[in-house]
Each structure stands twice: as C-alpha cells, then as structure tokens.
Amino acid sequence: MEPGQEIASLLEGLWGELGAELEQRASAGLTRRRRLLQSAQSAHARVDGSHVLSFCSNDYLGLANHPVLIVAMQAGAAQAGVGSGASHLITGHHQYHEDAEQALADFVDQPAALLYSTGYMANMGVVTALMGRDDAIFADKLNHASLNDAAVLSRAALHRYAHNDLSSLENLLQKSDAKRKLVVVDAVFSMDGDLAPVPELLALCQQYDAYLLLDDAHGFGVLGAHGQGILSHFSAKIAAQTSRQSRIIYMATLGKAAGVSGAFVAGEPVLINYLIQNSRTYIYTTATPPAISAALIESVKLIKQDDFRRTHLQHLITLLKTKLHLQRWHLEDSNTAIQPLIVGANEEVLALSEHLLTLGILVPAIRPPTVPKGSARLRITLSAAHSEQDVMRLIDALHAAENEMAA
C-alpha cells in the first residue's frame, strides 16, 4: 500500500468509528445539539429564529443584560482595549483584574482571590497544582465533570463516595494514609439543585487532616447574606471555627449569577500565591479581557446591594414548588433556582421538551451521561428576570402536557 493510501485508510477507519459512535448516541436519544441565541440572554429571548420564554439560563439574578454592566464593560474596553494581550505573569494582569480580585475576596470574606478564565480551568488548575501521585482526592459522585476530570489529571488516588453520604466519606478518609487529602464537592449540585452539607464536611476534614474544595458555581450571588454564597449560607453553623475555615478552598464562577464571565478561587494568601506559581491553567493562558473585570466589579456591587432580586427569585421557587402538581413526573427536593423535573426515559424527556417548545417555552432536556441512567429530566432554571406570570405559564403548560402525553 502506498503511503498516501495508508494514511487515507487510517483516516477512513477513524471517521468510520466516530460516525458509528454518533449513530449509537442518536439511536439512544442522547444526541446533543446547539441552539442559536439571537438576542441578549434574558427570560424572554430569541432562539433559533423564535421568541421563547426561556428556563435554560444560569443567569439567576438577571444581570447578564443589565445596563450598568454593559456600560462598565464598554468603558473598560475604551480604557483598556479589547484583549489583554498576554498572560497574567507577563503583561496581561491589568489594574481591572487586580481590583476585581480584591472585590471578590472581600465579598466572600476570604483573605485573597485569583481570577481564572472559566470554572473548568479553575478547578483543573487548583486540583492539579495541589495534588499528585502520593495524594488522595475524595469526590461526591454527583460532582461536576470539571472536578472529576481535574482529579484524574492530577494522578492522585480518586475515591468517589455516594451523594452527600457522610458515612461513606468518613470511611474512605479513615482508611487513607495519603500524604495530602482533598475533599472536592459541588456546593450546589448543578443537576439536582441540592446543597452539600458543608459544616459536616468541614468537621470531617478537620478530624482527618483533609482540605475542602467547594465549587460554589450555583450558590455564589444567590445563597447567603447579600448573595455571598454557600459559606455565608451556613455561617451560623461554622461560626467561630477559624481552624476549619482555613481548610477551605473556595471557587465560584462569574458567568451565572454574576452575569459576566470567568471564575475565581479564594482562600488563604499562601494558597493564592502558590497557585500563581504552580497552577498551569492560570500561568499558561492569555488573561481575560480587562473589560470583563471592569464589569465584574460593578456586578459585585449590584449583587451586594440588590437583595430584592434574591427575594423575588425565592418567591418564584416557592411558587413553582407549591403550584406544580404532577402525577407522572416529579420535582426533585430543591430549594434553589435549579428545579429538576424527573421524567425518566430519554425519549420521553425529549418529547416533553419539544412539546413545550411548540408552546414557546424552552426548557432543556438533560440525559445521561450528564445525569444517571433512568433519571433524564427537564432542568428548569429560574431567574429573578422571570415574572410570576412566566412561572405560572410554565406550570400550566406542564399540567396540560402531562394529560396530553398520557393519552
């Protein structure tokens, strides 16, 4: 076989294998597709050419299209330009980045903070910088993929415990003789909307000389006093436990409740300094545009002062939970903006999502492997940008859909 023919044969084989995998995914009802957003992110948006009532966004406080943030980003771009032009450790670390880090650290009541481009990069950067072959990571089985991928890449021993099962975690910690031990957990679980038992996790970390990485992607801006997040939410239970708090590595994303983009890690100054020296996803990437940080500074101010947004969001959560009465499908027990409606079968959840779309209501169907097999669901996400009428429209549509699809 000629060299060119051999290469062609190899490529044909690879593409053939990939095509077969895609066909298998399609036959199992697991094909993902991108929808095209043609407006600003909002409760009422234009998607794929149609105007829809959207329950898809993680824009929990309705800040993604806030005029104050738009003006701040425009002013930041006018002053600092569009791109940062370099990594943070060369010449890409702008005054806007510095000020945003200080504002975020102050807001979550931590000594120091460090900006990352995304939450995925933050988790990857922290875990791989801190953990290695002689270490052990303990992860909730429902953790976000970024935490799982980070644990694997770190080459530390990975131990997964049953969801929110403290006895299972303690058993694993007790048996471990690893040099370093790190418990990694979602603060608010992204597909179920329930909370990690943070005070109890901290107590176990204290007892077994472990540290706790909290991914507060879905709690920052929403939970706690003035939206300060999961630690504020549980502050009464962990008050005066300074030694336990110092075991915390706090991460939160800034493209959800904050309405902008990126992520940050907060904790002890020695942690932040160590990450600057050793976190590869921080060191070896171009810094985010300074204008993003200019908008983030204003976002933190709005989050802090606009408690009415969280009050309204909580009202909508209560409204959905009290007014939605279904027999065939059920809401998970969540008191957060993430309200999972468990349907079960992949085909049925897709059919339900498409049915709602014909009514102008967009709710995403979530299927395995994102969630466990047999637990396909509609992931309803509420926002302070929704009105009571919006939520009641969804409730009425779900009631009608249950009756129609059962017929």
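We did not get these values from a lab; they are worked out from the coordinates using the rules stated. Predicted model only: the values in this text are computed from it and were never measured. Methodologically, a virtual Cβ is constructed for each residue, glycine included, from the backbone with ideal geometry; neighbour enumeration extends over all protein chains shown.
Key figures
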{"quantity": "Segments 103-116, 312-325 sorted - mean Cβ within 10 Å per residue, highest first", "calculated": "103-116, 312-325"}
{"quantity": "Which of Phe220, Phe234 has the fewest Cβ neighbours within 10 Å, and the rest in rising order", "calculated": "Phe234, Phe220"}
{"quantity": "Choice from Ala28, Ala75, Ala384 with maximal GNM fluctuation in the chain (Cα, 10 Å cutoff)", "calculated": "Ala28"}
{"quantity": "Kirkwood estimate for segment 291-407, i.e. one over the average of 1/r between Cα atoms, Å", "calculated": "15.5"}
{"quantity": "Shape metrics for the chain, restricted to C-alpha atoms - Rg then Dmax, Å", "calculated": "22.4, 74"}
{"quantity": "Theoretical ellipticity at 222 nm over the chain - DSSP helices of four or more residues, -39500 (n - 2.57) apiece, nearest 500", "calculated": "-14000 deg cm²/dmol"}
{"quantity": "Cα-based shape type of segment 67-305, given that a ≥ b ≥ c are square roots of the gyration tensor eigenvalues and the cut on a/c is 1.5", "calculated": "prolate"}
{"quantity": "Three-way shape label, segment 130-214, alpha-carbon gyration tensor, a/c 1.5", "calculated": "oblate"}
{"quantity": "For Glu268, Glu388, Glu404, Glu298, order by how many other beta-carbon atoms lie within 10 Å, fewest first", "calculated": "Glu404, Glu388, Glu268, Glu298"}
{"quantity": "Top of Ala210, Ala187, Ala257 by mean-square fluctuation, Gaussian network on the chain, Cα under 10 Å", "calculated": "Ala210"}
{"quantity": "Footprinting exposure proxy for Phe138, Phe189 (fewest neighbouring C-beta atoms within 10 Å first)", "calculated": "Phe189, Phe138"}
{"quantity": "Most fluctuating residue given options Lys373, Lys181, Lys141, as computed from a GNM of the chain linking Cα atoms under 10 Å", "calculated": "Lys373"}
{"quantity": "Mean Cα-pair separation over length for the chain, i.e. relative contact order, pairs under 8 Å, 6 or more apart, %", "calculated": "22"}
{"quantity": "Segment 299-354: relative contact order as a whole-number percent, Cα under 8 Å and 6+ apart", "calculated": "23"}
{"quantity": "Separation of alpha-carbon centers, segment 285-335 and segment 11-85, rounded to whole Å", "calculated": "18"}
{"quantity": "Qualifying aspartates and glutamates (Cα of each under 16 Å from Cα of Lys321; at least 8 residues distant if same chain)", "calculated": "Asp192, Asp194, Glu332, Asp333, Glu388, Asp390, Asp396"}
